[in-house]
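The values are calculated or read from the model by the stated rules, or taken from the named source; none is laboratory data. Everything numeric here is computed off the predicted structure, so don't read it as measured data. Cβ placement follows ideal geometry from the backbone for every residue including glycine, while neighbour counts extend to all protein chains displayed. Each accessible area value is taken on the protein alone, full model and side chains, heavy atoms only, with ligands, DNA and RNA left out. Shrake-Rupley method; radii C 1.70, N 1.55, O 1.52, S 1.80 Å.
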Amino acid sequence: LSGQLYEEMKPIEPNVILGNLLKESPELKQADAKLLSDEITVQRERRQPVPNLWLCGQAGYDQMNSSFASNVMINLSNIPIWNRNQGTIQQAKADLERQKAQVKLKRLQLRRNFAQEYLRYHNALQHVEAYRKAILPEAKARYQVQLKSYMNARVEWPEVLDAQKDYFSAKLTYISHLLEWRKSKVELEGFLLTGGLTAPRGVTPPGHIDATPQPR
């Protein structure tokens, strides 16, 4: 195999990654978009009781009287007397307050998930450095010493196989830590989203306005 599994990289800056996460996270943007939609819904429902005003003007020539004629009509429809859309407005306000809480909750969830993932990243990085700088070189040196001793008829072959097994096992463990380290790094830099092109989970259920609204 060509190339190296290990790549020299600077450790990520947790404050920078967290700040970018809380600013650009698609999940948080989705929650903010739902909040904006609920704000618009409240404004719309407050305007529903306002009656429609129709203005109409006409002008023409009266051939019978040989004169010009004009008229103006004003029409008010759906004038609210008792029903001022109070129920729907209250439900829209409740949805808005719930969504404000959901945005705060999503921020807290992102902080918690970031802390958990950064802990995995940091632990994996420590394991990678420990294996790369100490454990692997020591296991390899032990295997080479045992192999050389066998060639000089100082140890039995099973002892060489044991040293070789320990060395290979350490390499496999090192590779697994490398994989965990790179996976955590990608997740931290990718807004904690996984699953390729899978859309993020919905942050809130849809609105539940079920009162009888004004005619639209």
Every residue in the stretch 157-198 that is of a type in the set (Gly, Ala, Ser), in a helix (DSSP H, G or I) and open to solvent by 50 Å² or more (accessible area, probe 1.4 Å), please. SER169, SER176
Has the stretch 39-51 got at least one residue that is within 30 Å of ASN75 (Cα to Cα) and in contact with a strand residue (DSSP E or B) (Cβ under 9 Å, 6 or more places away or on another chain)? yes
Check off (1) open to solvent by 40 Å² or more (accessible area, probe 1.4 Å); (2) under 22 Å from ARG112 (Cα atoms) for GLN63 and give me the number that stays unchecked. (2)
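Please work out if LEU21 is within 24 Å of the chain's Cα centre (by Cα) and of a type in the set (A, V, I, L, M, F, W, C). Step through it out loud before you land on a result.
Numbers: within 24 Å of the chain's Cα centre (by Cα): yes; of a type in the set (A, V, I, L, M, F, W, C): yes.
It is true that LEU21 is within 24 Å of the chain's Cα centre (by Cα) and of a type in the set (A, V, I, L, M, F, W, C).
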Can you tell me which of ILE74, ILE79 is within 27 Å of ASN52 (Cα to Cα), assigned to a strand (DSSP E or B) and open to solvent by 50 Å² or more (accessible area, probe 1.4 Å)? ILE74
